[in-house]
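The values are calculated or read from the model by the stated rules, or taken from the named source; none is laboratory data. Remember, it's a predicted structure, so these values are computed and weren't measured experimentally. Ideal geometry is used to build each Cβ from the backbone, glycine not excepted, and the neighbour counts take in all protein chains shown.
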Amino acid sequence: MLPIIFAMLLGAVDFSRANMIRNTLDNAAFEAARFATIPGATSAEITAIAQQTLDILSIQNATITVIPATIAGDTERVTVEISVPLRNNLYASSQLLSGITITESCSLTKEQFAVQTLE
């Protein structure tokens, strides 16, 4: 009976960690996309913002993708996509969740300002 309870406990810990990772990915994608809406933001800065959020939970092997890769002045929409394999990020290293990759993304419209000159 004790091994069954212990296995259920480890499973609950892994599912909780997976949910925490998913929520953190969602938040990191949103924060990075929000930063991307600021005129002049670069892909490197956007990636760094997302990575800072992921570092809070020590999430490893994340793939952060900014679409478009080069943000020009006329870019209207920016998408940040983050993928993380659960294999290296679980506490109990459950075989049940180890083959899963979680992906979250956020798309926001970039702020555009009309510039007028007064003469």
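State the number of residues belonging to the range 80-96 that are modelled with pLDDT under 95 and either on the phi < 0 side of the Ramachandran plot or hydrophobic (A, V, I, L, M, F, W, C) (or both).
11
Just to check your reading of the model, which residue among ALA50, ALA92, ALA62, ALA33 is touching a Leu at 6+ places or on another chain (Cβ under 7 Å), surrounded by 13 or more Cβ atoms within 10 Å (Cβ to Cβ), without any contact (Cβ under 8 Å) to a residue 40 or more places away in the chain and among the hydrophobic types (A, V, I, L, M, F, W, C)?
Sole residue among the options that is touching a Leu at 6+ places or on another chain (Cβ under 7 Å), surrounded by 13 or more Cβ atoms within 10 Å (Cβ to Cβ), without any contact (Cβ under 8 Å) to a residue 40 or more places away in the chain and among the hydrophobic types (A, V, I, L, M, F, W, C): ALA62.
Filter the range 39-88 down to residues that are among the small types (Gly, Ala, Ser) and assigned to a loop (DSSP other than H, G, I, E, B) and give me whichever is farthest from the chain's Cα centre (by Cα).
GLY73
When you go through SER43, SER105, SER83 one by one, which is the residue that is out of contact with any Phe, Trp or Tyr (no Cβ under 9 Å at 6 or more places or on another chain), touching a residue at least 12 places away in the same chain (Cβ under 8 Å) and surrounded by fewer than 16 Cβ atoms within 10 Å (Cβ to Cβ)?
Selected residue: SER83, the only one of SER43, SER105, SER83 that is out of contact with any Phe, Trp or Tyr (no Cβ under 9 Å at 6 or more places or on another chain), touching a residue at least 12 places away in the same chain (Cβ under 8 Å) and surrounded by fewer than 16 Cβ atoms within 10 Å (Cβ to Cβ).
Among the residues that make up the range 1-15, is at least one of them under 10 Å from the mean Cα position of the chain (by Cα), surrounded by 15 or more Cβ atoms within 10 Å (Cβ to Cβ) and either free of Cβ contacts under 8 Å to residues at least 60 places away in the same chain or outside any strand (DSSP E or B) (or both)?
no
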